[in-house]
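Here is the structure we will look at.
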Amino acid sequence: MGQIVAVAVITVLAVISPGADFAMTVRNSYLYGRRAGILAAAGISLGVLVHVTYTMVGVGLLVSRTPLLFTVMKLVGAAYLVFIGYKTFVAKAQLQIDLSADGTLSPAGALRTGFLTNALNPKTMLFVLSTYTQVVSADTPVAQQIGYGLFMSVAHLVWFALVALLFSQQDLRARLLRRQAVLNKVIGSVLVGLGVVLALTPAV
């Protein structure tokens, strides 16, 4: 019972802590609409399963004990955040977006941005690795370990779907779009900053 509570608490704290996944969901939701935001949330939850899968099959232990491999994965994730942040920062405002419909981002593109954000997110990688290596024991049944992974994924989906619903709400979205030029620079700067911080953070 204690293990279940520990996993639940750690997961909730990891999910609600601000990070690249939050910034990406807000970006998709207010720029491209509710569908894009929710699909980004779904992609984020699928990205969590990537970390759960390789951790459960033992690759996670290899990553945690191989500083070079961890560094490479971290730098790839940081580069992705910097790239998306830069593209957002320099994007020209589209103040005439039709609020009655979703924007120009395709469903596959929305899902992909969310998925890559978390699949390449060192913060998510460390959250999953530390949970499975420090909280979940080797004696924990495989079915229960899978259950933990699914809970982590669903928790991300629920939280970021709620974020998407909030920031794609028509009145709020209209207000945000009127300040789109400034918001693009703020969100872009946040994503670039997160990428730089992750790149410069030493391996633990």
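To the nearest ten degrees, helix 142-167 and the longest principal axis of the Cα atoms of the chain are 20 degrees apart. The charge dipole of the chain, taken about the Cα centre with unit charges on the Cβ atoms of Lys, Arg (+1) and Asp, Glu (-1), comes to about 620 debye, rounded to the nearest 20. From the alpha carbon centroid of the range 166-186 to that of the range 13-62 is 21 Å.
Once the Cα atoms of helix 67-90 and of the chain are each reduced to a long axis, what angle between those two axes, in degrees from 0 to 90 to the nearest 10, is obtained? Tilt relative to the chain: about 10 degrees. In the chain, Cα pairs under 8 Å separated by at least six residues give a relative contact order of 44 percent. Computed extension length for Val5-Ala143: 48.0 nm, one decimal, from 0.36 nm per residue of separation with the Cα-Cα distance subtracted.
The residue among Ala110, Thr140, Gln180 whose Cα reaches farthest toward the positive pole of the charge dipole of the range 99-187, with charges on the beta-carbon of Lys, Arg, Asp and Glu, is Gln180.
Ignoring the sites themselves, the chain has its longest run without trypsin sites (Lys or Arg not before Pro) in a DSSP loop having at most 15 other Cβ atoms within 10 Å at 1-91.
Quick note: the coordinates plus some simple rules give every number you see, no bench work behind them. Quantities reported herein were computed from a predicted structural model and do not represent experimental measurements. No Cβ is skipped: glycine too gets one built from the backbone with ideal geometry, and neighbour counts run over all protein chains shown.
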